[in-house]
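Worksheet for the structure shown next.
The values are calculated or read from the model by the stated rules, or taken from the named source; none is laboratory data. All figures in this text were calculated on a predicted structure; none of them were measured in a lab. All Cβ positions, glycine included, derive from the backbone under ideal geometry; neighbour counts span all protein chains shown.
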Amino acid sequence: MPGSAEDARRPGRREGAGGPGRREGAGGLTRREGTLAQRDRILAVAAGVLAERGFERARFRDVAEAAGVSIGLLQNYFTTRDEMFEEAFSQVCHQLISRWHEHATRGAGPWEKIVGLVDELTGEPDLRGHSTTWLEFCASASRHPRLRPPVLSVYSSWRRILVGTVNEGIVLGAFAPSLSPEDVVDMIDAVVDGLHVATAVRLPGMSPSRFRDLVLHAARVLLRTSDGAEDAA
């Protein structure tokens, strides 16, 4: 998630409102491609600023300084400050969903899919930053109804992927849960959310590998996996 936003926020040369990509070089980006690339970079920076300052306190100036561009350039891309941050919010959520769908469609067994999803979740280069960003996104969404759809979309997509994987495992005999697939997934989600909090506040002993191991252990217990599935982790 937002782990990539940190790289994008490194200060650079301040660009004016004229926008990027005004020249075209051999083998280089066209004007439109350069403009879209710059806009995406600004959205990634805005997501990082949003995570640090919250929706209420984040400003155009914060993003301009972090991205090394002028406020005029930001206003060339976005009519209002709210428009910019809402789009940045949605972009991060959509990126998460795309990554999960990629893992879910790979040709692997149901337990391997779950392991892959958990690895994707806990394999962020900056997991603490990712957890902090996600918690801030959820907190902002709790206060601003227009921010809720992207967050709810992340939850529903994650839940749909996991429920489908659990059902597949039951059919194949790899899982034998005593609860419904929906209840199993809701309990796994509760574990994940709790570990995001523990990671964000730097709970002693919490690390990406421990986060991963605890989620997978909870999944094994809830799914009552076969021995072969446990060995695959």
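Observations
- Restricting attention to region 65-84, the residues that are touching a residue at least 12 places away in the same chain (Cβ under 8 Å) and either out of contact with any strand residue (DSSP E or B) (no Cβ under 8 Å at 6 or more places or on another chain) or outside any helix (DSSP H, G or I) (or both) total 13.
- Every residue from region 92-126 that is among the aromatic types (Phe, Trp, Tyr) and not assigned by TED's automatic domain parsing to the domain that holds PRO181: TRP100
- Any chance GLY129 is in contact with an Asp or Glu (Cβ under 7 Å, 6 or more places away or on another chain), modelled with pLDDT under 90 and either more than 19 Å from ALA58 (Cβ to Cβ) or not assigned by TED's automatic domain parsing to the domain that holds ILE42 (or both): yes
- Failed criterion for ALA232 (all others in (1) modelled with pLDDT under 95; (2) surrounded by fewer than 12 Cβ atoms within 10 Å (Cβ to Cβ); (3) of a type outside the set (D, E, K, R) hold): (2)
For every residue, the table says whether it meets (1) farther than 24 Å from PRO125 by Cβ; (2) assigned to a helix (DSSP H, G or I); (3) modelled with pLDDT of 95 or more.
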site: VAL185; (1), (2), (3): yes, yes, yes
site: ALA190; (1), (2), (3): yes, yes, yes
site: ASP193; (1), (2), (3): no, yes, yes
site: HIS196; (1), (2), (3): no, yes, yes
site: LEU203; (1), (2), (3): no, no, yes
site: ASP213; (1), (2), (3): no, yes, yes
site: VAL221; (1), (2), (3): yes, yes, yes
site: GLY228; (1), (2), (3): yes, yes, no
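- The condition of being surrounded by fewer than 16 Cβ atoms within 10 Å (Cβ to Cβ), closer than 19 Å to CYS93 by Cα and either touching a Phe, Trp or Tyr at 6+ places or on another chain (Cβ under 6 Å) or not hydrophobic (A, V, I, L, M, F, W, C) (or both) holds for only one of SER131, SER157, SER153, that being SER153.
- In region 96-117, residue surrounded by the fewest Cβ atoms within 10 Å (Cβ to Cβ) [restricted to those that are of a type in the set (Val, Ile, Thr) and farther than 17 Å from PHE175 by Cα]: THR105
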